[in-house]
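The structure appears right after this line, and notes come after that.
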Amino acid sequence: MKSKLLFMALFIGVIAFGQSATDQGAWFKVGMKADLSKELTLTVSGQYRTSTLSHDRWITEAQFGREVNKNWDLGLELRHYMIFDMKGATQGSFHRVRAQFYASQHIDLAKGDLHFRYALQQRAVLTGSGNNKFTGRFRMQYDYPIKNFKWDPTFEVELFASGNPNFDRALRLGVGSDSKVAGKKLGVGYFYQRDVGNTGTHAHVLQTSIRF
């Protein structure tokens, strides 16, 4: 009897995991940050993203940030996506754009720092398949300081919620770190993302970045 129950549980587990596809990706980012004024900054970057389930893409981004006070800052991100579709009958490079407005809150704790980020973004499909999408995002990060260590870890959790027509819901859990090396800011990280709405897709993504 126990062996039958164990077999049934294993069978159900295999079916459940088999119904959810798993994506594996790597993101490589290079950028440059400039101070436009005492409160205003501009960061220009390019990022290449690989994916086992989706198409590779190149993202060009301009991010404007404004420090309101010690605890708050506002920002605007403008992105252009070039998507390389090398599968199927119709192949080529397709284009999307995205605008995101965000507000970030920073809180000093007895040990470490806590950050909250509230964002609204609109994606528009210029060419190729896909839908225009409006998404709200909420992210919480915790910087954990380690004495005499330059690569202090940052832990994060982020929620995504999109409107009509997709109504996507996703949860992202990640960890990363960055440090200055030879005058450049290097970053490494990993996150796991789960689509909890429509597709149930799992994603594992490695991230690296360099900023001048």
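The values are calculated or read from the model by the stated rules, or taken from the named source; none is laboratory data. Since we're looking at a predicted model, the values are computed, not measured. All Cβ positions, glycine included, derive from the backbone under ideal geometry; neighbour counts span all protein chains shown.
The residue pairs whose first member lies in the range 159-174 and is more than 20 Å from Val125 (Cβ to Cβ), whose second member is of a type in the set (Ser, Thr, Tyr), and whose beta carbons are closer than 9 Å, counting only pairs six or more residues apart or on different chains, are Arg169/Ser162; Leu171/Tyr192; Arg172/Tyr192; Leu173/Tyr192; Gly174/Thr154; Gly174/Tyr190; Gly174/Tyr192. Among the residues here, Thr60 does not qualify as part of a strand (DSSP E or B), hydroxyl-bearing (Ser, Thr, Tyr) and over 28 Å from Ala161 (Cβ atoms). I'd like the residue in the range 82-114 that is among the aliphatic types (A, V, I, L, M), in contact (Cβ under 8 Å) with a residue 24 or more places away in the chain and part of a strand (DSSP E or B) and, out of all such residues, is surrounded by the fewest Cβ atoms within 10 Å (Cβ to Cβ). Looking at residues that are among the aliphatic types (A, V, I, L, M), in contact (Cβ under 8 Å) with a residue 24 or more places away in the chain and part of a strand (DSSP E or B), I get Ile107.
Set side by side, the residues Arg117, Arg79 differ, and just one is within 17 Å of Thr60 (Cβ to Cβ), surrounded by 13 or more Cβ atoms within 10 Å (Cβ to Cβ) and either among the basic types (Lys, Arg) or more than 22 Å from the chain's Cα centre (by Cα) (or both), which is Arg79.
Going by what's in this entry, would Gly128 be described as at pLDDT below 95, in contact with an Asp or Glu (Cβ under 8 Å, 6 or more places away or on another chain) and surrounded by 14 or more Cβ atoms within 10 Å (Cβ to Cβ)? It is true that Gly128 is at pLDDT below 95, in contact with an Asp or Glu (Cβ under 8 Å, 6 or more places away or on another chain) and surrounded by 14 or more Cβ atoms within 10 Å (Cβ to Cβ). Within the range 153-199, count every residue that is in a strand (DSSP E or B), of a type outside the set (A, V, I, L, M, F, W, C), exposed (fewer than 14 other Cβ atoms within 10 Å of the Cβ) and touching a Phe, Trp or Tyr at 6+ places or on another chain (Cβ under 8 Å). Going through the range 153-199 one residue at a time, the tally reaches 2.
May I ask you to list pairs of residues, at least six apart or on different chains, whose Cβ atoms are under 7 Å apart, with the first in the range 122-143 being within 26 Å of Gly176 (Cα to Cα) and free of Cβ contacts under 8 Å to residues at least 40 places away in the same chain and the second being among the small types (Gly, Ala, Ser) and in a strand (DSSP E or B)? Cβ pairs passing all conditions: Thr135/Ala161; Thr135/Ser162; Gly136/Ala161; Arg137/Ala119.
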